[in-house]
Amino acid sequence: KEACDIQKTRLGDCVESAITLTILASQLKNTKDYDNAEAAYKEAIQMLKGLETDTDLARIDAYLGLADLYASRGSFAEALTYYDHCMGMQRKNFGDCHEDIAHTMFCMAILFQSQDKFDEAEVMLSKCL
């Protein structure tokens, strides 16, 4: 966190600072510090939204991390919202047929499966192919 603060002080709001926040959020999520991880992901997303440069790839990573965080906490509706945001941006940047989109669909399928929504999971898995 201290390194993020130093970087943000020196560079201000920029893609690099947002990426560092996303990395921090991922580490916090891995240590099950979910509240601080959520705050870091959201700060990164807000920072990226305020920039005038192309930030889609960095936002995709932050959305995907936040979706995974919500899924691991059992907040399935929130997770799906962020997976949808992520997939929309992936389609915009990569087209409809890209391995990153398939990965996001796979994550969504696992989320459906964990809720015993097997029909939705099957549909999503078939789209991955």
Quiz item: Rounded to the nearest 500, what is the chain's calculated 222 nm mean residue ellipticity when only DSSP H runs of at least 4 contribute -39500 (n - 2.57) each, over all residues?
Solution: -27000 deg cm²/dmol
Quiz item: For residue 72, what charge total do you get from the other residues with a beta carbon under 14 Å from its beta carbon, if Lys and Arg give +1 and Asp and Glu give -1?
Solution: -2
Quiz item: If you take the charge dipole of the chain about its Cα centre, with +1 on Lys and Arg Cβ and -1 on Asp and Glu Cβ, which of 7, 81, 64 is farthest toward its positive end?
Solution: 7
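Taking the Cβ of residue 19 as the center, what net charge do the other residues with Cβ under 14 Å away carry, scoring Lys and Arg +1 and Asp and Glu -1? Intermediate values should be presented prior to the final figure.
Details: positive: 8, 59; negative: 13, 16, 43, 54, 56, 61.
Taking every Cβ under 14 Å from that of residue 19, the sum is -4.
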Quiz prompt | Count, lysine Cα pairs under 17 Å in the chain, 8 or more residues apart or across chains | solution = 9
Exercise. Could you please state how large a percent of the accessible area of the chain is carbon and sulfur, counting protein chains only and using a 1.4 Å probe?
Key: 51 percent
Quiz item: Using a basic spin-label model with each label point 7 Å from the Cα along Cα→Cβ, how many nm lie between residue 76 and residue 42?
Solution: 2.3 nm
Quiz item: So how many Å³ per residue does the convex hull of the Cα atoms of the chain work out to?
Solution: 93 Å³
Self-check item: Label point distance in nm, residue 51-residue 34, each placed 7 Å from Cα along Cα→Cβ
Solution: 2.9 nm
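Taking only protein heavy atoms and a 1.4 Å probe, what accessible area per residue, in Å², does segment 15-83 have with all protein chains in place?
Per-residue value: 48 Å².
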Practice problem: Work through the residues other than residue 61 whose Cβ is under 11 Å from its Cβ and net out their charges, Lys, Arg +1 and Asp, Glu -1. | Solution: -2
Practice problem: Within segment 47-103, list the GluC sites (Glu not before Pro) lying in a DSSP loop whose Cβ has at most 16 other Cβ atoms in a 10 Å radius. | Solution: 52
Practice problem: Evaluate the distance, in nm, between pseudo-label points positioned 7 Å from the Cα of residue 93 and of residue 5 along their respective Cα→Cβ axes. | Solution: 3.0 nm
Quiz item: Could you give the dipole magnitude of the chain about its Cα centre, charging the beta-carbon of Lys and Arg +1 and that of Asp and Glu -1, in debye to the nearest 20?
Solution: 160 debye
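The values are calculated or read from the model by the stated rules, or taken from the named source; none is laboratory data. The shown structure was predicted, so the numbers you read here are calculated from the model rather than taken from an experiment. Here Cβ is always computed from backbone atoms with ideal geometry, including for glycine, and neighbour counts include all displayed protein chains. For the accessible areas, the whole protein counts, side chains as well, though only heavy atoms, and no ligand, DNA or RNA atoms are used. Shrake-Rupley method; radii C 1.70, N 1.55, O 1.52, S 1.80 Å.
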